[in-house]
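Only one structure is covered here, and it is reproduced in the block below.
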Amino acid sequence: LVMGRSLGANPALEVAATVPGYRGLILESGAGNVGRWVTRFGMQQSEETERFVAAHEAKLGRITMPALLIHGLADDLVPVDNAVATASMLTAGQDVRTEFIEGAGHNDLLYVDAARYMTAIADLVESV
């Protein structure tokens, strides 16, 4: 399995898309939607940023392994819509699971609901 958390979602996505041998992907509070970065950080829209976003989205489309995206519904650093968008960019028909934890922010998923967090991971591990 390959796992990435927060900004570490992007290296995990890169590994999942390009390195053979991994059987599952886990993103926790992942900031894996670079199109959102362009908007959030006020990057100027240009052909270069459009190519960057398109290349990233194409990379996500090449990921074929089962994936789990765990995210807190109260995450104000990387809002949950980022996880929803990332999940939708993964290959259609692939086993993409989302676990949204009520009351959890960016850094307290385990504190808020460790049982649900661990069960979601265990379920993915058992399936691969």
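GLU47 to LEU7: extension gain in nm, 0.36 nm per residue of separation minus the Cα-Cα distance?
Working: separation 40, 0.36 × 40 = 14.40 nm, distance 2.39 nm.
Gain on stretching GLU47 to LEU7: 12.0 nm.
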* **Accessible surface, the chain, averaged per residue in Å² (probe 1.4 Å)** => 52
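Does region 10-85 come out rounded, prolate or oblate by the C-alpha gyration tensor, with a ≥ b ≥ c the root eigenvalues, rounded set by a/c under 1.5 and, if not, prolate when a/b is larger than b/c and oblate if not? Intermediate values should be presented prior to the final figure.
On the way: a/c = 2.81, a/b = 1.18, b/c = 2.39.
Judged from the Cα gyration tensor, region 10-85 comes out oblate (a/c at least 1.5, b/c at or above a/b).
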* Per-residue ellipticity at 222 nm for the chain, helices alone: DSSP H runs ≥ 4 residues times -39500 (n - 2.57), over residue total, nearest 500 deg cm²/dmol? -> -15000 deg cm²/dmol
* **Selected from LEU7, GLY61, MET89, residue furthest toward positive end of dipole (the chain; charges at beta carbon)** => GLY61
* Percent carbon-and-sulfur accessible area, region 57-128, ignoring ligands, DNA and RNA, probe 1.4 Å -> 55
* Which helices count as membrane-span-like in the chain under these terms: full DSSP H, at least 18 Å along the axis by C-alpha, Kyte-Doolittle mean of -0.5 or more? -> 109-127
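Please compute, over every Cα-Cα pair in the chain, the percentage with a separation greater than 23 angstrom.
Details: 2321 of 8128 pairs.
Of all Cα-Cα distances in the chain, 29 percent exceed 23 Å.
The values are calculated or read from the model by the stated rules, or taken from the named source; none is laboratory data. Worth saying up front: this structure is predicted, and the values here are computed from it rather than measured. When we count neighbours, we look across all protein chains shown, and the Cβ atoms used for this are built from the backbone with ideal geometry, even at glycine. Remember, those area values only see protein heavy atoms, side chains included, never the ligands or the DNA or RNA. Shrake-Rupley method; radii C 1.70, N 1.55, O 1.52, S 1.80 Å.
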